[in-house]
Structure formats: C-alpha cells, structure tokens
Amino acid sequence: MDGLLKIMFIFIFLPFLFVNVILPVVAEWKIFGKAGEPEWICLIPIYSSYMMYKIAWKPQYFLIYMGAYVFVIILLFLNLPTALLSFFVLAISLAYTALQFIFSLKLAAVFHHSYLFGVGLFFFTPIFKLILAFDSSEYQGTSIP
C-alpha cells in the first residue's frame, strides 16, 4: 500500500501541482516583469489579482470582482428562500463571467494581441498566459478605455 501511495504522488499529485500552481506562477512572474512591475507580486494571491487588473484595465474593477465574491458569501449565510438565493447567485455569476471576459480582452489588448487572443485567454487561461508570458510582445500601458 505504501508503494501505491508513492506512485500516486509521483504520477498524479506532482503533475497536478506543476500544471495548476507552478506554471501559472511562472507565467504571471513573466507578465509582471513585462509590465514593469515587481515580479514577486505573483506570489501574493489577492494582491496579484489586483495588480493584474491594474496592468490590464482599471483597479476599480477588481473591487467589483472581489465584491461579488463577498456578496455571494453574505447571501449564503442569510436564510433566503432557495429560489431567491439561486437568482442572486446566478446574476452575480453572470456579471462575474462578463467582467472576466472583458478583463481577458483588455489584458490581450495591452500586450497588442487581437481580440481572438483575448477570447483564448478567457477560455484557456493557463495556456494563453504562458503564451503571453513567453512571446515577444511588449506592454503598451492601459491607455485603452
């Protein structure tokens, strides 16, 4: 049994850790470097998301992004009827998804990529963040409204 756990650790956990933790950190490290920000920011979870919004768009939209999470958590602790709770959670989820989609388009635009790249960044975030990190594009700033 002990050997099976070692094999599972090597063939399941380590690749999962590499793909879902290490590669995104490496990609964000390079993206922050391209944008002229300190690379270590990618190691601090909430602050790195805030700075990604600052790089791509406006940091005020990050407050909306986080506010949606907090609002859903508050709603879950209120004893609302199930239908009403479901409606609020669905509405907030749709707003969050729209915000993330626009953020992906803006992130692609500040590195002079097409809207199609932004769509890819939305649907396949880890892969397209790696492409964004290691391609030859340069950060152009957030002059885009």
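No value in this document is a laboratory result; all are computed from the given coordinates. Everything numeric in this text was worked out from a predicted model, so none of it was measured. Every residue, glycine among them, receives a Cβ derived from its backbone with ideal geometry; neighbour counts consider all protein chains shown.
Details
- Phe11-Thr125 FRET efficiency (beta carbon distance; Förster radius 22 Å; 0.05 resolution): 0.35
- Within-15-Å neighbourhood charge of Pro24 [Cβ basis; K, R +1; D, E -1]: 0
- Shape of the range 2-134, Cα gyration tensor, a/c cut at 1.5: oblate
- A cut-off under 15 angstrom between Cβ atoms defines the neighbours of Tyr61, and their net charge, with Lys, Arg +1 and Asp, Glu -1, is +3.
- Annotated for the range 2-134: lysine pairs at least 8 residues apart or interchain, Cα distance under 17 Å, count 9.
- Kyte-Doolittle at least -0.5, axis length at least 30 Å by Cα - qualifying DSSP helices, the chain: 82-110
- Formal net charge of residues neighbouring Gly36 (Cβ-Cβ distance under 12 Å; K, R +1; D, E -1): -1
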